[in-house]
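The values are calculated or read from the model by the stated rules, or taken from the named source; none is laboratory data. Keep in mind it's a predicted model, so treat the numbers as computed, not measured. So basically every Cβ, Gly included, is an ideal-geometry build from the backbone, and we count neighbours across all protein chains shown.
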Amino acid sequence: MFGNLFALDFSESSSQQPIISPREVSRGTAVPVPAKQPNLDIGHRLRAVRTQKRWSQRELARRSGVTNGLISQIETNHSSPSVASLKRILDAIPMSLAEFFGPDIEDREQICFRASELLAVDPKMVFRNAPQAARIALHQVGAGSNRMLQILHERYEPGADTGVENYSHDGEEGGFVLSGWIELTVGEAVNELGPGDAYLFDSRVPHRFRNIRDEVCILISACTPPSF
């Protein structure tokens, strides 16, 4: 559900929101569990990824279509990359933003993920022009490399909105509302979905999510290929 135009804010850590399992929601006995937060040196991480590929800075610059100077400035932390530049660089590796900002451990063999192991994603990174993005909490299942499916636990506080302007990206996405209500706009179609309702659409069609009710909305979504 996420487009490519969003801004990184390295001065603030991801907002920590409670994770609630679907089973606990249905029972009405949910107990909040904090998710792990990524804490990353951008330059060091990019240099490590590049050297693991055995590429020079010039080679990475050539493959990603950016300047060699930009790669050097990022790796020495003399420049904070825009998300557009960083994604362009990572696409050349290839590596998703979620993987880049995720933990260093390789979890490709991991099958089950406890609530505390979900990867928190800062919504302000994802929704660039959404003043109410802080009312959204996103937690991803797994952070391994080269996955073809992205699964998210999403929490929308009252008033949460992915932005006045609809956004789009390559892929297909779907979701299932666990509790509360969410207004979904896809193209010209506007629908409000409640508990038990689901959605599935082509992500290339401009879309928007917002909570216009006075209660929290929680949903599980999936996107292929991963959007960030």
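Some observations on this one:
- Test for Leu152: is it surrounded by fewer than 14 Cβ atoms within 10 Å (Cβ to Cβ), part of a strand (DSSP E or B) and hydrophobic (A, V, I, L, M, F, W, C): no
- Helices (runs of 4 or more DSSP H) lying entirely in segment 1-107 (those with 1 or more residues that are at pLDDT 85 or above): 42-52, 57-64, 68-75, 83-91
- Cβ-Cβ contacts under 7 Å between residues 6 or more apart (or on different chains), taken from a first residue in segment 156-173 that is part of a strand (DSSP E or B) to a second residue that is among the small types (Gly, Ala, Ser) and buried (at least 16 other Cβ atoms within 10 Å of the Cβ), are listed as Asp161/Ala130; Tyr167/Gly3; Glu172/Ser203; Glu173/Ser203; Glu173/Ser221; Glu173/Ala222.
- Positions within segment 163-203 being among the aliphatic types (A, V, I, L, M) and surrounded by fewer than 16 Cβ atoms within 10 Å (Cβ to Cβ), in sequence order: Val164, Ala189, Val190, Ala198, Leu200
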